[in-house]
1. Determine Rg/Rh for the range 47-139; Rg is computed over alpha-carbon atoms and Rh is the Kirkwood hydrodynamic estimate from the same atoms.
2. If Lys and Arg each add +1 and Asp and Glu each add -1, what is the summed charge of the other residues whose beta carbon sits under 11 Å from the beta carbon of Tyr157?
3. For Lys94, which aspartates and glutamates qualify as cross-link partners when the Cα separation must be under 15 Å and same-chain residues fewer than eight apart are set aside?
4. Taking only C-alpha pairs under 8 Å that are 6+ residues apart, what is the relative contact order of the range 86-176 in percent?
5. Any idea what the dipole of the range 1-90 comes to, in debye rounded to 20, about its Cα centre with Lys/Arg Cβ at +1 and Asp/Glu Cβ at -1?
6. What net charge do the residues around Ala128 carry, taking every other residue with its C-beta under 14 Å from that of Ala128, with Lys and Arg at +1 and Asp and Glu at -1?
7. Keeping all protein chains in position, work out how much accessible area Val136 exposes to a 1.4 Å probe, and write it in Å² to the nearest 10.
8. With every protein chain left in place and a probe of 1.4 Å, what is the accessible surface of Arg30, to the nearest 10 Å²?
Amino acid sequence: RRGTLSTAAGLILGMSFTDKPQEEDLALLRHAGVEAVSIWTSIANNNAAWMTGMRKRLEANGVKIYNFGIIDLHCDPTMVLGTSGVEQKIAQYKEYLTNLGRAGIPYTTYAHMANIKNQSVPGFYATAMGTSRGNVPTREFDVNVARTLPKSFDKEYPAEHIWKTFTTFIRAVVPVAE
């Protein structure tokens, strides 16, 4: 299939990568044997020409792009909570999907979470920071700590409301994705 990433063993070495690569960044990918990257960028790069140019530049270095993420649209409170401006955000997301298709990128990630951006620790995504093997920093989550934190937004949004906004979003974007 076009755009499918696979190896004989079914494993691919990938990493998150900058949306403004310099030659030394590309050299790192080549020398480390990285086969695929995920690039997070801003809404300013939500266009097929930029995505196609980046894809071609990385492919010329032996690397495939398996995901472009638009930070402005990922885990967006306006879409998740259905607040003012949701129609514009959904239109931007549909344009994003169209641009991915035009650029030959068959995959993206979407998460329907509203309180993940710009939060402190403790927060609703990580209630503490810890370390792992090699003293690598990790996020920890304790539901009991999270329950004691203040609301993320002006009010509580019941599960039914979030399911409704998710259904509205999916019904709007699936025809574009297909």
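1. On the Cα set of the range 47-139, Rg over Rh gives 1.08.
2. 0
3. Here the aspartates and glutamates satisfying the reach criterion relative to Lys94 are Asp72, Asp76, Glu178.
4. Dividing the mean separation by the residue count of the range 86-176 yields 28 percent.
5. It comes to approximately 360 debye.
6. -1
7. 80 Å²
8. 100 Å²
The values are calculated or read from the model by the stated rules, or taken from the named source; none is laboratory data. Predicted model, so just to flag it, every value in this text is computed and none were measured. Heads up, the Cβs are rebuilt from the backbone with ideal geometry, glycines too, and the neighbour counts pull from every protein chain shown. The accessibility values were calculated without ligands, DNA or RNA, using every heavy atom of the protein model including side chains. Shrake-Rupley method; radii C 1.70, N 1.55, O 1.52, S 1.80 Å.
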